[in-house]
Amino acid sequence: MSAAPDARVGNVLGFDFGLRCIGVAVATTLTASARPLLALAAHAGVPDWNELDALLRAWSPLALVVGLPLDGDGSEQPITRAARAFATQLQQRYRIDVHLCDERHSSQEAARRFATQRAAGQRRKRDAAQLDALAAAVILESWLSEPSCTRTCAI
């Protein structure tokens, strides 16, 4: 897995990994902007691979970014291993660059953005799936703006 953002122009898909739900977002490297797409249902961290196949066909990403859940002090937590395994599965299945990005504080930032959108009348109710997809967008924005957020993970 690569250790730095790609200099090519195109789409990148980002994932906020979870055992029951995986948030998905898309970004373009040209504008470094990301937007939430959807949340995939997962069972013990395993997504519907057919649904993921369709997403990759639709967006033709240059790379994939998986949020790496870490504790506040940077140490790994139990779900970190599952997120790494998911990243490895993505790389093996799709044979494109997969990056791991420190996702500390992405959920809090997503919740803050969601609350701002709700206050502005853009969102009607709190939906966990929307938050997961928004967290994936935050992860992608971090990856695009700060190459240092990436951690290398050997397969």
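Only the coordinates and a few stated rules stand behind these numbers; no lab work does. Because the structure is a prediction, the values reported are computed rather than measured. Neighbour counts run over all protein chains shown; Cβ positions are idealised from the backbone, glycine included.
List of remarks:
- Net lengthening on full extension, Ala58/Thr28 (0.36 nm per residue, minus Cα-Cα): 9.4 nm
- Pairwise label distance in nanometres, Leu38 with Leu19, each label 7 Å out on the Cα-Cβ vector: 2.5
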